[in-house]
Amino acid sequence: MEFEVVIGLEVHVQLNTKTKLFCSCPTSFNEKENSNTCPTCLALPGALPVINREAIHKAIQFGTAVNASINRYSKFDRKNYFYPDLPSGYQISQFYKPIVENGYIEVNGRKIGIVRAHLEADAGKNIHESNYSKVDLNRAGTPLLEIVSAPDLRSSDEAIEYLKKLHSIVRYIDISDANMQEGSFRCDANVSIRPKGDTKLYTRVEIKNINSFRFIQRAIDYEVERQIEAWEDGVYEDEVIQETRLYDSVKNETRSMRGKEESADYRYFPEPDLLEVYIDDETLETYSKIPELPDEKAERFQTELGLSEYDAKVISSSIELANFFEEMINSGASVKNSVTWLTVELLGRLNKNNLPITSSPISSSKLSDLVKAIDNKTISGKAGKDILDYLMEHDISVDEAIEKLGLKQVNDDSAILKLIDEVLSKNSDKVEEYKQGKTKLFGFFVGQVMKASRGSANPQKVNELLRSKLS
Amino acid sequence: MVIDDKLLSKLEELSHLKVAPEKREEIKEELSNILNFVENLNQLDTDGLPDKFSMRDTYSHLRDDNIEVDKNIGKSVVENSPKYQDSSFVVPRIV
């Protein structure tokens, strides 16, 4: 039997506000345990939550970016459960009336629905020791936007494309650092299968604890495989139950997390400490203005700068890369060479060293200088690669590197002619053979001249001058 | 609504509270009474009225995103907790 995979994703994005959602404690990372806390986020009796306006603004921006409706009235609710990293015994979230509803993003030409996005407070962190656990509540109360997709995704590949798009969007509109390692962009996946052609939804399994794109893909693939196997073995009803499973990246498997589903009864009810949130016209208008999004940028790169669809997509995939590219163009580097030197040469070198563009040892202005030197033929493309290698290791200017490596391209006719004369006189026997018709020796002469110039002669010039010299 | 043994057991589990055997009958009755009291509200005809979560006609006050923190608060709360280590709370092992 052929199966169809049905995936829905829940993404928790940590908003990059300065303070927490319901109190003025900072949201900064890597601080001394429990130092960013106050009576509100420690849930001391009597302390009351007050909503951070900036979190509302960022939710509006997100809703706009994903073509969603922004609810002018939204409301917070309590989600009740016990865990040591949740001092109040409930999480303040939005269950009945989320701030954002009914949006979508386009992934490879398909519309993927975004059912809702709601604001909620993050929990603290547990650090597990051998026979006890430590609790740090610095993160408790940090604003999260939980983004829930429709069950529209049909493969793990598509799920990853969706996530990358979402990641790119939240970075473009600058509502989150979206750093997966630090946990500011986290994903849970709801996975089910059904016989191809069937339209009903079967039992979904929720997979938690996946903190990289690669692991999300593997976790989904594993889970799909497990469910199909259970179906084919006739034990689907017994083995695939609605539950939460944890992904173990070491063993590459998912396993059941909660034994008793009883504890998942969250008893949501309206948060009595907060009134409804109302978004007025002015706020809505101000925060509905968002910067250019990845798709728009890619489109503009194609129409205005003539980039190929592929290059435009690669460069616009991250805001940092797109900015880097635009800075190069704005400082006068040619479009064609900028594309190649950024996407092939620089990114290739960064990937080899596992460096993101934000940690590139070569700034956009430096790469732009290099490209301009190639544009105006001060150096050859080949020399450019050597210089780029050198600049990866040494923090000097492009001019200094050209000087230091002696790679200034020689365009001066007399200097090249001098080299040609040397080469020809050293190889008079070959010149004779050439003149008698062994014309393929031409390449040999070019090579010798280039070698004598240590690669710095302009190869086009060498060709031209050599040809006239030998005719 | 009547609270029976089964429901009381579930409530115990959800609230992490244990009701002593000799108290069960009393608690069941009290909880049932509370629910019956609240059910009085159902006598009101609310058809056609918009959903309201509050009786007040105002909205949540919003706060500006400015940091204000007193680093001693967390410290003193930790030091007043039953068990702590350095600046972390210590609880029984969770996983």
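The values are calculated or read from the model by the stated rules, or taken from the named source; none is laboratory data. Every value quoted in this text rests on a predicted model; they were computed, and no experiment measured them. Reconstructed Cβ throughout: ideal geometry from the backbone, glycine too, with neighbour counts over all protein chains shown.
Here are the numbers for this structure:
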quantity: Count of residues meeting criterion [more than 26 Å from the chain's Cα centre (by Cα) and in a strand (DSSP E or B)] in the stretch A:1-12; calculated: 2
quantity: The stretch A:395-417, residues that are surrounded by fewer than 17 Cβ atoms within 10 Å (Cβ to Cβ) and modelled with pLDDT of 85 or more; calculated: A:Asp395, A:Ile396, A:Ser397, A:Asp399, A:Glu400
quantity: Meets criteria (hydroxyl-bearing (Ser, Thr, Tyr), buried (at least 21 other Cβ atoms within 10 Å of the Cβ) and either on the phi < 0 side of the Ramachandran plot or in contact with a helix residue (DSSP H, G or I) (Cβ under 6 Å, 6 or more places away or on another chain) (or both)) for A:Ser155; calculated: no
quantity: Residue pairs meeting the criteria (Cβ under 8 Å; at least 6 apart or on separate chains; first outside any helix (DSSP H, G or I), in the stretch A:57-74; second basic (Lys, Arg)); calculated: A:Asn71/A:Lys97; A:Tyr73/A:Lys97; A:Ser74/A:Lys97
quantity: Single match in B:Asn66, B:Asn40, B:Asn36 (criterion: surrounded by 10 or more Cβ atoms within 10 Å (Cβ to Cβ), free of Cβ contacts under 8 Å to residues at least 12 places away in the same chain and not charged (D, E, K, R)); calculated: B:Asn66
quantity: Output for the stretch A:13-45, where each listed residue is facing another protein chain (nearest Cβ under 7 Å), polar (S, T, N, Q) and in a loop (DSSP other than H, G, I, E, B); calculated: A:Thr17, A:Ser24, A:Asn34, A:Ser35, A:Asn36, A:Thr37
quantity: Which listed residue, of A:Ser364, A:Ser308, is of a type in the set (Ser, Thr, Tyr), in the same structural domain as A:Ile396 (by TED's automatic domain parsing) and crowded, with 17+ Cβ neighbours inside 10 Å; calculated: A:Ser364
quantity: Test: residue in the stretch A:69-81 that is in contact with a Leu (Cβ under 8 Å, 6 or more places away or on another chain), of a type in the set (D, E, K, R), more than 9 Å from every other protein chain (Cβ to nearest Cβ) and surrounded by 20 or more Cβ atoms within 10 Å (Cβ to Cβ); calculated: no
quantity: Search result, residues across the stretch A:242-258 that are within 25 Å of the chain's Cα centre (by Cα), in a loop (DSSP other than H, G, I, E, B), on the phi < 0 side of the Ramachandran plot and modelled with pLDDT of 85 or more; calculated: A:Val250
quantity: Filtered residues of the stretch A:54-63 (kept if more than 7 Å from chain B (Cβ to nearest Cβ), of a type outside the set (Gly, Ala, Ser) and within 17 Å of B:Asn66 (Cα to Cα)); calculated: A:His57, A:Lys58
quantity: Hey, A:Ile51 facing another protein chain (nearest Cβ under 9 Å), crowded, with 19+ Cβ neighbours inside 10 Å and modelled with pLDDT of 95 or more or not; calculated: yes
quantity: Output for the stretch A:117-140, where each listed residue is in a strand (DSSP E or B) and either over 21 Å from A:Thr17 (Cα atoms) or at the interface with chain B (Cβ under 7 Å from one of its Cβ atoms) (or both); calculated: A:Asn126, A:Ile127, A:His128, A:Tyr132, A:Ser133, A:Lys134, A:Val135, A:Asp136
quantity: Odd one out for A:Arg78 among (1) of a type outside the set (Asp, Glu); (2) farther than 30 Å from A:Ile160 by Cα; (3) within 30 Å of the chain's Cα centre (by Cα); calculated: (3)
quantity: Among residues of the stretch B:46-74, those that are part of a helix (DSSP H, G or I) and either at pLDDT 95 or above or facing chain A (nearest Cβ under 7 Å) (or both), counted; calculated: 3
quantity: Residue among A:His128, A:His118 that alone is without any contact (Cβ under 8 Å) to a residue 60 or more places away in the chain, assigned by TED's automatic domain parsing to the domain that holds A:Phe22, within 30 Å of B:Tyr84 (Cβ to Cβ) and of a type outside the set (D, E, K, R); calculated: A:His128
quantity: Meets criteria (among the acidic types (Asp, Glu) and over 49 Å from the mean Cα position of the chain (by Cα)) for A:Asp421; calculated: yes
